[in-house]
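Chemist: Have a look at the structure that comes next, please.
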Amino acid sequence: MTTTQQRPATRSPRNDDGGRPPRVISFSQKLSKWDIRFSPYLYISPFFIMFAIVGLFPIAYTAVISFMDWDLIRGEGEFIGFDQYIWILSQPHFWTALRNTFSIFLLSSVPQLVLAIFIAAVLDRNIRAKTFWRMAVLVPYVVAPIAVGLIFNAMFADQSGFINGILQAIGIGAIPWHVEPFWSHVAIATMVNYRWMGYNTLILLAAMQAVNRDFYEAATVDGAGPVRQFFSITLPSLKPTLIFVIITATIGGLQIFDEPRVFDQFGRGGSAQQWLTITLYLYDVGWGQWNFGRAAAMAWILFIIIVLIGLVNLVVTRTLVRDEGLRRELSKREQKKQAKQAQRALKENQA
């Protein structure tokens with residue numbers, strides 16, 4: 001009879017506290033974990049590095065210069081505190097430039113946004129040659145601003161301009177585009193609208209095409225017409241895009257420089273500062289008077305104004321244009337209203 005010997009059971013080595021030994025992680029496994037954890041940040045880091053170099057650093061450096069009597073030749077200056085800001089705020093030219101900037105901004109941004117929404121809504125319909133018209137609205141944006149300024153300057157000439165020629169032909173007197181502040185603002189705002197309306201139209205058109213078409217079909221079945229569909233479906237769905245367009249239009253409108261610069265042959269904002277903007281005045285103080293401390297202070301004042309108006313636009317847009325879809329959370333007032341309605345319905349059912 002053969003006997004078999006059983007091999008003694010081998011125990012896996014254990015550590016001192018009775019548990020299993022720690023698992024040894026290889027370098028490749030550690031590298032894989034690091035890659036999963038940090039690779040997303042590495043992919044987007046070039047943008048933030050460039051933004052810090054060409055965006056944040058100039059803003060901070062301008063803030064430092066604004067508190068100094070800066071000498072461009074020596075690259076240094078003497079700290080003088082808020083004297084530059086006090087000097088700017090005490091200048092009548094600054095307030096004239098600020099008033100002109102806001103006037104041109106309102107005359108350009110409001111009609112521009114309304115027309116961009118209207119044209120985008122038309123292009124979103126089933127029309128012939130869609131691609132052609134979508135490309136055509138972008139043509140003014142790719143034209144050089146200087147070329148646009150020179151063309152419109154000739155069109156709005158006081159004596160021999162194309163616009164005044166048409167007005168005189170239909171019995172209306174010539175308009176002094178380069179004399180009256182309001183009419184000069186209208187002419188410059190027309191240039192701005194011509195240049196940027198197509199760009200904003202395509203952005204709004206892309207947002208309109210992203211709206212679910214089932215909403216329109218359901219509204220059509222319920223008997224809603226195109227106008228009702230636009231105000232009940234399209235416009236509320238454009239809320240994020242409208243916020244983006246309004247904020248970018250605000251930033252660009254308050255920094256307007258090219259159009260008023262080339263509106264006449266001198267580029268000084270008019271003989272009586274009729275269309276002098278903040279950026280034109282900043283340019284004159286910096287490169288005309290060679291006072292970069294005051295120019296930096298004016299740049300920071302403009303920056304603060306843009307930030308404040310951008311925040312106001314954000315709040316107003318969120319209030320006026322509400323997303324009625326499932327993405328929007330109910331406000332506290334609406335939640336209280338619905339709670340009261342539910343309590344009233346519950347009491348009626350109990351009665």
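Computed from the coordinates by the stated procedures, all read-outs in this text should not be read as laboratory data. If you're wondering where the values come from, they're calculated on a predicted model, not measured in any experiment. Here Cβ is always computed from backbone atoms with ideal geometry, including for glycine, and neighbour counts include all displayed protein chains.
Chemist: Full extension from Phe162 to Leu115: what is 0.36 nm times the residue separation minus their Cα-Cα distance, to one decimal in nm?
Modeler: Details: separation 47, 0.36 × 47 = 16.92 nm, distance 2.34 nm.
Residue separation times 0.36 nm, minus the Cα-Cα distance, leaves 14.6 nm.
Chemist: Of Phe118, Phe105, Phe266, how do they rank once you tally other Cβ atoms within 10 Å and put the fewest first? Write out the running numbers ahead of the final one.
Modeler: Working: Phe118 13, Phe105 22, Phe266 9.
Arranged by neighbour count, lowest to highest, Phe118, Phe105, Phe266 become Phe266, Phe118, Phe105.
Chemist: Pop the C-beta distance of Val307 and Ala169 into the FRET formula with R0 = 56 Å and round what comes out to the nearest 0.05. Spell out each step's value before the answer.
Modeler: Working: r = 47 Å, r/R0 = 0.84.
So, using R0 = 56 Å, E works out to roughly 0.75.
Chemist: Another one. Just to verify a number: FRET efficiency for Asn126 and Glu180, C-beta to C-beta distance, R0 = 30 Å, to 0.05?
Modeler: Values: r = 45 Å, r/R0 = 1.49.
For Asn126 and Glu180, the calculated efficiency is 0.10.
Chemist: In which sequence would Trp87, Trp287, Trp275 go, from the one with the fewest C-beta neighbours within 10 Å to the one with the most? Display every interim value, and only then the final one.
Modeler: Working: Trp87 17, Trp287 11, Trp275 28.
Ordered by Cβ neighbours within 10 Å, fewest first: Trp287, Trp87, Trp275.
Chemist: Could I ask something else about it? How many nm separate the modelled label positions at Ala210 and Tyr61, each set 7 Å beyond the Cα in the direction of the Cβ?
Modeler: The two pseudo-label positions are separated by 3.5 nm.
Chemist: What nm value, rounded to one decimal, do you get for the distance between Ser39 and Phe82 when each label is placed 7 Å out toward the C-beta?
Modeler: That separation, rounded to one decimal, is 5.2 nm.
Chemist: Where in region 245-284 does the label zone of Ala147 land, with the point 7 angstrom along Cα→C-beta and an amide N cut-off under 20 Å?
Modeler: Once the point is set 7 Å along Cα→Cβ of Ala147, 257-264 turn out to lie under 20 Å by backbone N, inside region 245-284.
Chemist: Most exposed first by the Cβ proxy, i.e. fewest other Cβ within 10 Å, how do His178, His93 rank?
Modeler: Numbers: His178 20, His93 14.
Arranged by neighbour count, lowest to highest, His178, His93 become His93, His178.
Chemist: Compute the separation of the alpha-carbon centres of region 71-131 and region 196-236 and state it in Å as a whole number.
Modeler: Going from one Cα centre to the other spans 29 Å.
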